[in-house]
1. Near GLU412, within a Cβ-to-Cβ distance under 12 Å, what is the net charge of the other residues, with Lys and Arg +1 and Asp and Glu -1?
2. Checking the table LYS266/LYS286; LYS288/LYS314; LYS314/LYS442; LYS349/LYS373; LYS142/LYS177 against a 25 Å threshold on Cα-Cα, which pairs fail?
3. Quick one: compute the contact order of the chain, relative version, from alpha carbon pairs under 8 angstrom and 6+ residues apart, as a percent.
4. Can you list which of the trypsin sites (Lys or Arg not before Pro) found in segment 110-168 are DSSP loop residues with at most 15 other C-beta atoms within 10 Å?
5. Taking the chain as a Gaussian network, where each spring joins two C-alpha atoms under 10 Å apart, which residue of ASP432, ASP330, ASP392 fluctuates the most?
6. Please give me, ordered by residue number, the GluC sites (Glu not before Pro) of segment 216-255 that lie in loop per DSSP and have at most 11 other Cβ atoms within 10 Å.
7. So which GluC sites (Glu not before Pro) in segment 1-80 pass both tests, a DSSP loop state and at most 15 other Cβ atoms within 10 Å of the Cβ?
8. So for the chain, taking the charge dipole from beta-carbon charges (+1 Lys/Arg, -1 Asp/Glu), which of GLY433, PRO71, THR47 sits furthest toward the positive end?
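Coordinate-derived values only; no laboratory data. A quick note: this is a predicted structure, and the numbers were derived from the prediction, not measured. So basically every Cβ, Gly included, is an ideal-geometry build from the backbone, and we count neighbours across all protein chains shown.
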Amino acid sequence: MKYTTNNPRQLAVMTLVRTSSGSYSNLQINAVIQSTSMGAADKALFTNIVYGVIQHRLTLEYQLRPFLRDPEKTENWVKELLYTAMYQLEYLDRVPKRAIFDETIKIAKVMGHDGTRRFVTGILHQMDRKGTPKLADIQDEKTRLSVEYSVPTWLVDMLQQQLGDKKTTSILASLNKAPKQSVRTNTAKISRDHLLEDLAKNGFDAEPSEVSSEGIIINDGQIVHSDFFEDGLLTIQDESAMLPVESMTINEADTILDACSAPGGKTTQIASRLDDGKVFALDIHKNKLKTVMRNATRLGVYKNVETFELDARKVDSKFEDGMFDAVLVDAPCSGLGLLRRKPEIRYDKTVADIDRLSNIQLQILNAVSTKVKTGGTITYSTCTIVKQENQDVIEKFIAANPNFEVTKTKTERNLNPDSDMVQIYPDDYDSDGFFVCSLIRKS
């Protein structure tokens with residue numbers, strides 16, 4: 001799409017309109033950045049506003065509501081414009097109020113007409129005079145937490161029931177922090193220590209992850225545009241997402257099934273540990289498998305990867321029983337551990353989605369269970385934080401498959417000393433929420 005402006009605030013409004021209609025924020029942000037000629041500072045402001053408004057949407061809606069006579073009749077883009085102004089005023093320290101007002105009013109006229117300009121001007125000045133409603137005035141605790149941290153009340157309720165009030169509040173408070181820039185060392189080409197040294201020599205502020213033995217946190221510098229990325233010495237991956245493969249025992253000649261592989265982070269992590277072994281990567285979308293192979297090619301591990309367009313629940317149609325030394329099921333899930341990186345998930349998912357996904361997860365586990373050798377392991381992982389998709393799925397699987405048992409999931413950092421399974425919450429290390437469980441086939 002062609003854009004007729006490079007104004008980061010106006011582009012933010014346009015992007016927010018699209019994401020509120022169901023488009024993914026990260027894809028829309030990348031498309032805008034690639035299609036415009038904004039400078040680095042404007043790109044940063046644009047990205048900050050888009051993610052910030054999405055993260056704080058329920059808070060902003062609550063604060064704007066008293067100033068709209070008829071919210072249903074107010075055009076969507078006008079509300080998004082007002083949210084961008086409110087977000088800047090509340091959450092960005094370095095932008096002067098006058099500049100925010102002036103820019104917002106100009107955009108109102110450019111995208112609308114003089115009447116829109118007057119309408120927006122009036123609301124901004126009312127807010128300035130009266131102040132916005134205080135969150136502390138919300139009497140019901142679940143509603144207050146929902147509005148304050150901008151998550152649906154059903155999620156607040158579910159987390160409180162499963163984890164208690166204190167842990168729930170800690171998790172919710174962590175969700176609107178900026179995500180860390182995390183990368184995985186491609187150990188097929190370089191060790192993490194050497195990569196850290198080379199990054200420092202090239203001006204990157206980088207430090208080892210405290211979650212994963214292959215992870216590195218980039219505190220300063222855009223790594224995705226670097227030669228390190230282009231040359232396949234590293235790949236973009238959250239620290240927690242590295243744990244499922246880190247926990248697997250992989251020999252260089254193993255044959256491994258990655259049942260739900262796209263976009264390929266874990267597939268290539270497995271492949272980096274293989275010599276003459278092979279990882280068979282499945283996904284139901286052909287285009288996503290192309291992404292898997294692009295990543296495998298960039299990282300130089302493509303010879304150890306073979307892709308198949310296949311629903312993991314239908315593995316019987318393609319593979320023999322007992323064919324694999326190990327199986328990874330990084331199952332499709334609600335993604336509730338990713339709210340820091342994909343803030344719109346919190347508004348898209350429902351309890352019904354969780355129930356539906358937990359059934360799919362169990363179906364996949366049951367389908368692949370006969371494909372692993374006796375003595376081999378299935379590693380089950382999700383990027384969610386609710387029991388229905390994690391512990392409950394494992395319990396149901398074991399009940400239906402008594403020839404499997406849970407075995408200790410081992411990580412380099414020993415992240416789960418008191419449990420056989422690993423459950424990382426977003427507030428534990430400021431990484432993505434993740435669950436990992438290892439299942440061994442006894443017979």
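1. So the environment of GLU412 carries a net charge of -1.
2. Values: LYS266/LYS286 18 Å; LYS288/LYS314 18 Å; LYS314/LYS442 23 Å; LYS349/LYS373 36 Å; LYS142/LYS177 21 Å.
Distance filter (> 25 Å) returns LYS349/LYS373.
3. 12
4. Numbers: sites: ARG117, ARG118, ARG129, LYS130, LYS134, LYS142, ARG144, LYS166, LYS167; in loops: LYS134.
Passing sites in segment 110-168 are LYS134.
5. Maximum fluctuation in the GNM of the chain, among the listed residues, is at ASP392.
6. Sparse-neighbourhood loop GluC sites (Glu not before Pro): GLU252.
7. Details: sites: GLU61, GLU72, GLU75, GLU80; in loops: GLU75.
Qualifying residues, ordered by number: GLU75.
8. In the chain, that residue is PRO71.
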